[in-house]
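**Q** The structure under discussion is supplied below as structure tokens; questions concerning it will follow.
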Amino acid sequence: MRLDFYLSHVTELARKAAKIAASKGRVTVNGVVVKKANYTVQEGDQICLDDTLLAWPSEGYYLLHKPAGYVCATEDPDHPTVLDLLPSHLGQALKIVGRLDKDTTGLLLLTTDGQWLHRITSPRSACHKRYRMMLADPISDGDLQQLESGVMLNGEPHPTLPAVAERISDCDIYLTIQEGKYHQVKRMLAAVGNKVEELHRDQIGPLSLDADIAPGEFRALTEDEVLYF
Ligand code: URA
């Protein structure tokens, strides 16, 4: 496996940051400084970042900046899946935490840890997810209030749970919800007579998508971030 891949799996560095760390001489393999990101790491190598010995974690926890056009599924006959963005040995072991639509971008979590996944997705945990969206039509303050207090979705027996809606401009808002029903955000906006043109998730609970992780990039979560959930 390439050194920069290894570093982006076991540390919080994304691949670009991992390449830079290596080029600055912060990484040693078996006691020797290795500056080349394409150096091949072998099983049993002792790899240090800033003199801290790194270890392959028993469970994997990753965040991915999902680009548009990728589906959240393990396999799809017609479209690339988010797992295609990860090295194959890793992708095979990971489960996707919740689903984003094919055209939705932003923060997606992946893990090997089923209990951790359940803690985030279970309706009981009421884990907050924040979405930013561009709307087809300007939205009124009244509609924002309705989104906050709850709207009836087609085919659902109960109104949506309390949410937080914040205006950025006429057609650009944040909506923070604590549920994860199928197409929930798009259906909520449809319920107030509007249409979501672009949808991006930037927060799950206390975790935000890093500004320097480009679409398609991923990184391992830090131990502290894993403990958020
Ligand atoms: N709500 C939606 O409608 N789509 C998503 O991708 C996520 C939340």
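**Q** Scanning the range 94-112 for residues that are over 28 Å from residue 167 (Cα atoms) and surrounded by fewer than 18 Cβ atoms within 10 Å (Cβ to Cβ), which turns out nearest to the ligand (Cβ to nearest atom)?
**A** Within the range 94-112, the match that is nearest to the ligand (Cβ to nearest atom) is 95.
**Q** Working carefully through the options 136, 126, find the one that is within 16 Å of the ligand (Cβ to nearest atom), modelled with pLDDT under 95 and exposed (fewer than 14 other Cβ atoms within 10 Å of the Cβ).
**A** 126
**Q** If you don't mind, there's one more thing I want to ask. When you check residue 160 against the structure, is it more than 14 Å from the chain's Cα centre (by Cα), within 14 Å of the ligand (Cβ to nearest atom) and β-branched (Val, Ile, Thr), yes or no?
**A** Spelling it out, residue 160 is indeed more than 14 Å from the chain's Cα centre (by Cα), within 14 Å of the ligand (Cβ to nearest atom) and β-branched (Val, Ile, Thr).
**Q** Sticking with this one: Where in the range 1-113 are the strands (runs of 3 or more DSSP E), entirely inside, with at least 3 residues that are in contact (Cβ under 8 Å) with a residue 12 or more places away in the chain and not hydroxyl-bearing (Ser, Thr, Tyr)?
**A** Of the strands (runs of 3 or more DSSP E) lying wholly inside the range 1-113, those with at least 3 residues that are in contact (Cβ under 8 Å) with a residue 12 or more places away in the chain and not hydroxyl-bearing (Ser, Thr, Tyr) span 47-49, 61-66, 95-97, 105-111.
**Q** Restricting to the range 198-211, name every residue that is loosely packed, with under 15 Cβ neighbours inside 10 Å and of a type outside the set (A, V, I, L, M, F, W, C).
**A** Scanning the range 198-211 gives 198, 206, 208.
**Q** Still on this structure, I have one more. Scan 214, 191 and give me the residue that is over 23 Å from residue 141 (Cβ atoms) and either open to solvent by 20 Å² or more (accessible area, probe 1.4 Å) or among the hydrophobic types (A, V, I, L, M, F, W, C) (or both).
**A** Exactly one residue qualifies, and that residue is 214.
**Q** I'd like to know if the range 27-43 contains one or more residues that are open to solvent by 40 Å² or more (accessible area, probe 1.4 Å), among the charged types (D, E, K, R) and within 30 Å of residue 114 (Cα to Cα).
**A** Scanning the range 27-43, I find at least one residue that is open to solvent by 40 Å² or more (accessible area, probe 1.4 Å), among the charged types (D, E, K, R) and within 30 Å of residue 114 (Cα to Cα), so the answer is yes.
The values are calculated or read from the model by the stated rules, or taken from the named source; none is laboratory data. Predicted, not measured: the structure shown is a model, and the values here were computed from it. FYI the Cβ positions are ideal-geometry reconstructions off the backbone, even for glycines, and counts take in every protein chain you see. Note: accessible area is taken over every heavy atom of the protein model, side chains too, but ligands, DNA and RNA are not part of it. Shrake-Rupley method; radii C 1.70, N 1.55, O 1.52, S 1.80 Å.
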